[in-house]
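Asks: One structure is given below, represented as C-alpha cells, and several questions about it will come after.
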Amino acid sequence: QVQLVESGGGLVQAGGSLRLSCAASGRIFRNNAMGWYRRAPGKQRELIATITSDGNTNYADSVKGRFTISRDNAKNTVYLQMNSLKPEDTAVYYCNANRGWGTTLVFASWGQGTQVTVSS
C-alpha cells in the first residue's frame, strides 16, 4: 500500500519558488500532525516544518519566513510553499505523519520524495 506520494519538485534558480504537495492515505493523515522533511546529498534527513490537525505550524530556523506549510483535511493533502529559495535548499523533500514539532516518531514508511534543485 502506497501511503505517501510527494510531488511538485523541480529545478529553479535562487530566489525562485516551488509548491510541493503530499497526498496521504486517510488512515495516516487523519488525527495526526504532518511534517515536511528534507535530505541533502550526504546529509541526515531533517524536519523543516510541521502542521497539526488544527493548523498550528512550526518551522526550522533555516526555512522560517520563507516556507509555509498547509493542509487540506478533506483532500488528505499537505503542501509546502517554498519562496526565496537558496542553493542550500537543494534536497529530496519528504512528508510524513508525526506528533508535532519536537518529536521524532513518524507513522508511515517513507515515500519516494520529490527532488528540489536550486541553482545559484
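The values are calculated or read from the model by the stated rules, or taken from the named source; none is laboratory data. Everything numeric here is computed off the predicted structure, so don't read it as measured data. Using ideal geometry, Cβ is built from the backbone for each residue, glycine included, and neighbour counts are taken over all protein chains shown. These accessible areas exclude ligands, DNA and RNA; they are computed on the full protein's heavy atoms, side chains included. Shrake-Rupley method; radii C 1.70, N 1.55, O 1.52, S 1.80 Å.
Here's the yes/no breakdown for (1) over 25 Å from VAL2 (Cβ atoms); (2) not acidic (Asp, Glu):
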residue: GLY55; (1), (2): yes, yes
residue: ARG66; (1), (2): yes, yes
residue: ASP72; (1), (2): no, no
residue: VAL116; (1), (2): no, yes
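Asks: Taking region 97-119 on its own, how many of its residues are in contact with a Ser or Thr (Cβ under 6 Å, 6 or more places away or on another chain) and surrounded by fewer than 18 Cβ atoms within 10 Å (Cβ to Cβ)?
Replies: 3
Asks: Just give me the residues in region 1-48 being open to solvent by 30 Å² or more (accessible area, probe 1.4 Å), among the β-branched types (Val, Ile, Thr) and in a strand (DSSP E or B), in sequence order.
Replies: Correct list: VAL5 only.
Asks: Is it the case, given these coordinates, that ARG66 is closer than 19 Å to LEU18 by Cα, modelled with pLDDT of 95 or more, out of contact with any Gly (no Cβ under 8 Å at 6 or more places or on another chain) and of a type in the set (Lys, Arg)?
Replies: yes
Asks: Those residues that are more than 11 Å from the chain's Cα centre (by Cα) and under 22 Å from VAL118 (Cβ atoms), I need them from region 10-38; list them, please.
Replies: GLY10, LEU11, VAL12, GLN13, ALA14, GLY15, GLY16, SER17, LEU18 - these are the residues of region 10-38 that are more than 11 Å from the chain's Cα centre (by Cα) and under 22 Å from VAL118 (Cβ atoms).
Asks: Against the condition under 23 Å from VAL12 (Cβ atoms) and of a type outside the set (S, T, N, Q), how does ARG38 come out, does it pass? Can you show your working first?
Replies: Values: under 23 Å from VAL12 (Cβ atoms): yes; of a type outside the set (S, T, N, Q): yes.
Spelling it out, ARG38 is indeed under 23 Å from VAL12 (Cβ atoms) and of a type outside the set (S, T, N, Q).
Asks: Provide a single number: the residues in region 58-96 that are buried (at least 16 other Cβ atoms within 10 Å of the Cβ) and among the polar types (S, T, N, Q).
Replies: 6
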